[in-house]
Amino acid sequence: MVQINENFLKLPGSYLFSEIARRVAAYSEANPERKLIRLGIGDVTRPLPPAVTAAMHAAVDDMADAGRFHGYGPEQGYAFVRNAIAEKDYQARGVNIQPEEIFVSDGAKSDCGNIVDLFGPDNKVAVCDPVYPVYVDTNAMSGRAGDFDEEAGKWTNLVYMPCTAENGFLPELPQEPVDMIYLCFPNNPTGGAATRDQLKPWVDYANRTGAVILFDSAYEAFITRPGVPHSIFEIPGAETCAIEFRSFSKTAGFTGTRCAYTVVPKALERGGASLNAMWNRRQCTKFNGVPYIVQRGAEAVYTPEGQTQVREMIACYQNNAKIIRDGLAAAGLTVSGGVDSPYVWARTPDGMGSWEFFDRLLTQANVVTTPGAGFGPSGEGYIRLTGFGETGATREAVERIKQIL
Ligand code: MLT
């Protein structure tokens, strides 16, 4: 009889966003006359920038021409997009990242999940609490998380770093030794962002102890404050201790198009091995690259027109986040995030549970949110709302919420 990966059996019910989708679908089916406004999953609503679609149309034409057709591309991504990323996202900010350190992929979610392939089973993993569930679930699937303690809502072998109102939603260095440290800034779900000075101790810790920082900066395009770095590699020393995940999803509207990238510096070595070489080996074996058409679209993000269009799109989502933040604050809720992030993190009223408030907003205001408890125990008592909706609908959602409060 085949042996299955029993770690899957330890996972609680379903993936957070699938569970929310299930509840929302059930409610919609029972109440088809209710018009829901969705501020739950962080999915973009505006169309792709015209510079991107023009480049993709041209790439389709390439694919229809025998002389310009592309079959399998390089597993790491085409040079044209790796060069653009290195130059515009890093070197232009004074960060020395080279194209060979960039691996283009179909999503930051996949990369965050796949990166665990590089690490041994006995590593101690530290995650923020609340946390994007992918970091936790993928370590649980690969046996690094121990068992799920239902009562505590935690995995027995993970180190949870609480991010609460008391510490400004920024984790503190763990009290016990850890090997793999997941950091996400601007943060999903709290919307908090760490400054250079706040990130430096993490880089120093990882270099001192031999840990690796897995830095998710999928939301960097939303940063507004000058002291907040867009990349962990803006912190001196990060090239010897960090891997960074970035995505075109939230930056350029690619959630349905799929393109992202991971930066593994050549200087990053552990156990006598180059992690850049290991990731390259892994990608060559398990991944055949992002479609040529999509990579041409991603390249167009870096053109002057592309940059202008992307900035307009981000500004619109930032404005939505402000509408939510200001509106909920005016209604008496305690809110944070929404300044360097599309996410607003709001305290539930009167100590109400996250799922209870989620249900109340769904059934009474017909607004879909994300219950904070779904992101970990320290998310209890909060809900997350996203600025990725349409502006009119976002305003209406805020009005509806105000009315029921
Ligand atoms: C979220 O809502 O947290 C994101 O959409 C999840 C993701 O990017 O996978």
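The values are calculated or read from the model by the stated rules, or taken from the named source; none is laboratory data. These figures come from a predicted structure and were not determined experimentally. Don't worry about glycine lacking a Cβ; one is built from the backbone with ideal geometry, like all the others, and counts go over all protein chains shown. Accessible surface areas use protein heavy atoms only, side chains included; no ligands, DNA or RNA. Shrake-Rupley method; radii C 1.70, N 1.55, O 1.52, S 1.80 Å.
Which count do you get for residues in segment 98-120 that are part of a loop (DSSP other than H, G, I, E, B) and within 16 Å of the ligand (Cβ to nearest atom)?
Count: 2.
Of the numbered conditions (1) β-branched (Val, Ile, Thr); (2) within 19 Å of the chain's Cα centre (by Cα); (3) under 25 Å from Leu118 (Cα atoms), Val228 satisfies every one except a single condition; which is it?
(3)
Give just the number: which of (1) open to solvent by 50 Å² or more (accessible area, probe 1.4 Å); (2) part of a helix (DSSP H, G or I) does Asn288 not satisfy?
Single failed check for Asn288: (2).
May I ask you to list the residues in segment 1-20 that are within 17 Å of Ala140 (Cα to Cα), open to solvent by less than 40 Å² (accessible area, probe 1.4 Å) and in contact with a Pro (Cβ under 9 Å, 6 or more places away or on another chain)?
Leu16, the sole residue that qualifies.
Condition check: modelled with pLDDT of 95 or more and either closer than 30 Å to Asp122 by Cα or more than 22 Å from the chain's Cα centre (by Cα) (or both). Does Arg258 satisfy that? Steps first, please.
Working: modelled with pLDDT of 95 or more: yes; either closer than 30 Å to Asp122 by Cα or more than 22 Å from the chain's Cα centre (by Cα) (or both): no.
In short, no.
Looking only at segment 353-405, count every residue that is open to solvent by 30 Å² or more (accessible area, probe 1.4 Å) and in a loop (DSSP other than H, G, I, E, B) and tell me the total.
Residues in segment 353-405 being open to solvent by 30 Å² or more (accessible area, probe 1.4 Å) and in a loop (DSSP other than H, G, I, E, B): 3 in total.
Within segment 223-250, work out how many residues are surrounded by fewer than 22 Cβ atoms within 10 Å (Cβ to Cβ) and among the hydroxyl-bearing types (Ser, Thr, Tyr).
3
Inside segment 154-190, can you point out the residues that are over 16 Å from Ala206 (Cα atoms), open to solvent by 60 Å² or more (accessible area, probe 1.4 Å) and not acidic (Asp, Glu)?
Lys154, Thr156, Pro162
Within the group Val127, Val95, which residue is more than 16 Å from the ligand (Cβ to nearest atom), in the same structural domain as Thr240 (by TED's automatic domain parsing) and touching a Phe, Trp or Tyr at 6+ places or on another chain (Cβ under 6 Å)? Working first, answer last.
Values: Val127 fails: more than 16 Å from the ligand (Cβ to nearest atom).
None of the others qualify; the one that does is Val95.
In segment 21-72, which residue that is free of Cβ contacts under 8 Å to residues at least 60 places away in the same chain and within 16 Å of the ligand (Cβ to nearest atom) is least open to solvent (accessible area, probe 1.4 Å)?
Among them, the one singled out is Ala21.
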